[in-house]
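The values are calculated or read from the model by the stated rules, or taken from the named source; none is laboratory data. Remember, predicted model here, so these are calculated numbers, not experimental data. Here the Cβ is made from the backbone with ideal geometry for all residues, glycine too, and neighbour counts use every protein chain on show.
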């Protein structure tokens, strides 16, 4: 359920996830043995395997929270963000979203490389739920924040990855939504723009919004977040005060094991 934007109070639920699961089937990539090929021919298809990307995830995000999401590559972090954003349908469970959502899930998602940066601002803004009038009223702010100058009117296929990131972040952060989901976007671009983006996140944090930040930049999450959740193999392993959860995660990375994981798996 996606409701219209309205005023919210700290501690009200912004996102509610219950029993969320996502399972998909993929072809096995490795070179099969002769025996496996014969079996596959007998079944009339390719070898496949079932992957449990998300496994019975329960998660509430409240207004006033800045939730950091951590975990190794392939843990299910980005998949979870895409399901919350409505891009991927869950295999099971329920998601409720109470407010307007803006997402910055990957570099240039939703942009058309053949169109100019200016035109893509309108595409991105419309995709984020803004009206054309709102985009026009905010265009100068978006363009100024992106620091693209005259390149705003050049085709985006001519942009560097840093320029892509600057424009994508500028659109997402200027929408000023009730709920902002940012997946690794703060790790792209030069040092100056990273700092500028981080400061904008801090500005948004001061309002009654819900922010969800997926990142491998632990120092940034310690600085910005007031809550962190650790995802491993599609499951929530730990959630709580940022320093405690991040310390546990980093210890797991160093020694390769965790009491919570050993108990859960």
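Values for this structure:
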read-out: In region 111-139, the residues that are in a loop (DSSP other than H, G, I, E, B) and either surrounded by 13 or more Cβ atoms within 10 Å (Cβ to Cβ) or in contact (Cβ under 8 Å) with a residue 12 or more places away in the chain (or both); value: 111, 112, 113, 114, 115, 128, 129, 130
read-out: Residue selected from region 16-45 under the condition in a loop (DSSP other than H, G, I, E, B) and surrounded by 12 or more Cβ atoms within 10 Å (Cβ to Cβ), by the criterion modelled with the highest pLDDT; value: 28
read-out: Helices (runs of 4 or more DSSP H) within region 149-265 that include 3 or more residues at pLDDT below 85 and within 20 Å of residue 58 (Cα to Cα); value: 259-264
read-out: Selected residue (only one of 64, 68 is closer than 30 Å to residue 222 by Cα and outside any strand (DSSP E or B)); value: 64
read-out: Filter result for residue 144 (within 23 Å of residue 211 (Cβ to Cβ), outside the structural domain of residue 18 (by TED's automatic domain parsing) and out of contact with any helix residue (DSSP H, G or I) (no Cβ under 6 Å at 6 or more places or on another chain)); value: yes
